[in-house]
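I have placed the structure first, in the form of structure tokens, so that the comments after it can refer back to it.
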Protein chains: 2
Amino acid sequence: MSQKGVGVDLETSLGYLLKEASSALRSAMEEVLRPLGMSVTHYSCLELLAQRPGLSSSELARGAFVTRQTMNVLLQALERDGYVTRPAEAPVGKVLPTRLTPSGRRSLEKASAAVRSVEARMLADLTEDEQSDAFPILQSMIHSLRGDNERA
Amino acid sequence: MSQKGVGVDLETSLGYLLKEASSALRSAMEEVLRPLGMSVTHYSCLELLAQRPGLSSSELARGAFVTRQTMNVLLQALERDGYVTRPAEAPVGKVLPTRLTPSGRRSLEKASAAVRSVEARMLADLTEDEQSDAFPILQSMIHSLRGDNERA
DNA sequence: GAACCTATGTCAGAATGCTGACATGAGTCA
DNA sequence: TGACTCATGTCAGCATTCTGACATAGGTTC
């Protein structure tokens with residue numbers, strides 16, 4: 001077993017495992033959000049707005065890990081369906097601050113409960129210590145991958 | 001801070017952090033693979049074939065976390081470009097076992113080195129203990145999310 | 001004030017991946 | 001043998017997201 005020095009051993013690769021976990025999480029979220037007529041990006045956008053009202057399209061895009069073009073398309077649909085509102089004109093600069101409507105907030109509540117149940121299931125078999133360990137580990141990975149350490 | 005009971009707190013959510021880490025990993029991989037003219041799915045397919053020669057299209061799809069239709073399109077391109085070979089007729093059933101060509105193997109070697117460097121960077125700031133902890137934690141998450149525990 | 005850089009919103013086109021559907025081969029079971 | 005179930009490969013159409021490009025607003029520097 002265990003590769004003859006060449007290649008990435010998928011059986012022991014933390015990168016592959018990370019991708020696998022993320023894929024499983026996404027699938028589980030899609031499964032519970034589908035009955036609510038909501039996609040993961042859709043949900044992410046509403047959740048971001050609930051916690052940080054007035055975010056711009058570009059900021060939402062970064063928070064949901066998509067491009068600002070993609071987020072803009074989504075926002076247009078959400079606005080059309082009455083889940084969010086944006087001023088017709090930018091109060092300052094070009095930034096259009098977005099906010100949830102009561103309808104959007106109601107819609108989010110169900111979705112949020114569903115997502116919380118998925119996250120709880122994900123952590124069900126982990127000990128308290130493991131859950132505590134996971135946080136700094138993932139943060140370190142993110143920090144290192146983004147190259148925040150580069151020549152300042 | 002810390003949400004008033006409602007919603008998922010993105011600041012402390014392991015699910016969000018997992019998505020963030022996965023996104024950062026994907027970006028980092030795309031960055032190093034782009035100069036080699038290779039996408040992440042493209043690379044994943046070749047790496048899988050190097051470790052498990054003779055996999056079918058459907059098996060490769062599951063290993064690369066895409067649908068079998070998507071993998072089939074990719075395989076057609078890889079076959080056209082001489083990186084993999086598939087028998088014209090299925091030796092048994094409908095399964096077409098796929099194998100790397102020498103050209104595919106050479107192409108993979110460079111990509112694999114690049115990906116290994118990304119993975120090394122990802123783990124650079126983690127202690128030995130943390131790296132050891134990460135493995136069972138991620139595996140537990142995957143196992144729980146897939147519902148492998150359900151009523152047997 | 002002018003030049004410069006950065007970030008934002010937006011439009012257009014293209015790539016990528018997915019869902020739905022179908023026929024076929026293999027295994028199971030009565 | 002025949003009916004049933006399941007997995008595979010494949011075709012077609014659609015959805016989602018991305019890349020490229022542009023104009024504009026704000027801040028910075030000289």
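Observations on the structure shown:
- Comparing Cα centroids, region A:57-85 and region A:97-121 end up 15 angstrom apart.
- Counting, for every residue in A:131-137, the Cβ atoms of other protein chains within 10 Å of its Cβ and taking the mean gives 5.
- Averaged over peptide A:93-105, the number of partner chain Cβ atoms lying within 10 Å of each residue's Cβ comes to 0.
- Shielding of peptide A:38-51 by partners, expressed as the average count of other chain Cβ atoms within 10 Å per residue Cβ, is 2.
- What the Kirkwood sum gives for region A:1-98 is a hydrodynamic radius of 15.8 Å, with every pair of different alpha carbons counted.
- Over chain B, DSSP H runs of length four or greater, each weighted -39,500 (n - 2.57), average out per residue to a 222 nm ellipticity of -20000 deg cm²/dmol.
- Rounded to the nearest Hz, the phi-derived 3J(HN,Hα) couplings of region A:67-80 under the Karplus curve 6.51 cos²θ - 1.76 cosθ + 1.60 (θ = phi - 60°) are 7, 5, 5, 5, 5, 5, 4, 5, 5, 4, 5, 5, 5, 4, where x marks glycine and proline.
- Altogether, the Stokes-Einstein calculation at 20 °C and 1.002 mPa s, with the Kirkwood radius of region A:18-152 over Cα pairs as Rh, returns a diffusion coefficient of 129 µm²/s.
- Projecting 7 Å from Cα along the Cα-to-Cβ direction, the label point of B:Ser103 sits 5.6 nm from its equivalents in the other copies, listed shortest first.
- Unit charges at the beta carbon, dipole of region A:15-145: most positive-side option, A:Leu100, A:Ala88, A:Ser44: A:Ala88
- Note on B:Thr41: accessible area approximately 30 square angstrom, rounded to 10, probe 1.4 Å, nucleic acids and ligands left out.
- Accessible-area value, A:Phe65, 1.4 Å probe, nucleic acids and ligands omitted, Å²: 60 Å²
- Counting from the shortest, the label point at A:Ala124, 7 Å from Cα toward Cβ, is 3.9 nm from the same position in each remaining copy.
- Using the Cβ-Cβ distance between A:Asp81 and A:Ala113 with R0 set to 25 Å, the FRET efficiency works out to roughly 0.75.
- Listed residues B:Arg86, B:Arg106 arranged by accessible area, highest first, probe 1.4 Å: B:Arg106, B:Arg86
- Kirkwood Rh, angstrom, the protein assembly as shown [1 / mean 1/r, Cα pairs]: 21.3 Å
- Residue among B:Gly63, B:Gly15, B:Gly54 with the largest mean-square fluctuation in a Gaussian network model of chain B, springs linking Cα atoms under 10 Å: B:Gly15
- Considering the rotation that superimposes chain B on chain A, the residue of B whose beta-carbon lies nearest the axis, and that distance in Å, is B:Ser22, 2.
- Magnitude of the charge dipole, region B:39-121, Cβ model with Lys/Arg +1 and Asp/Glu -1, debye to 20: 80 debye
- Efficiency of FRET from Cβ geometry, B:Thr101 and B:Glu30, R₀ 25 Å, rounded to 0.05: 0.55
The values are calculated or read from the model by the stated rules, or taken from the named source; none is laboratory data. Computed from a prediction, not measured in an experiment: that's the story for all the values here. Here the Cβ is made from the backbone with ideal geometry for all residues, glycine too, and neighbour counts use every protein chain on show. The area values use the complete protein model at the heavy-atom level, side chains included, leaving out ligands, DNA and RNA. Shrake-Rupley method; radii C 1.70, N 1.55, O 1.52, S 1.80 Å.
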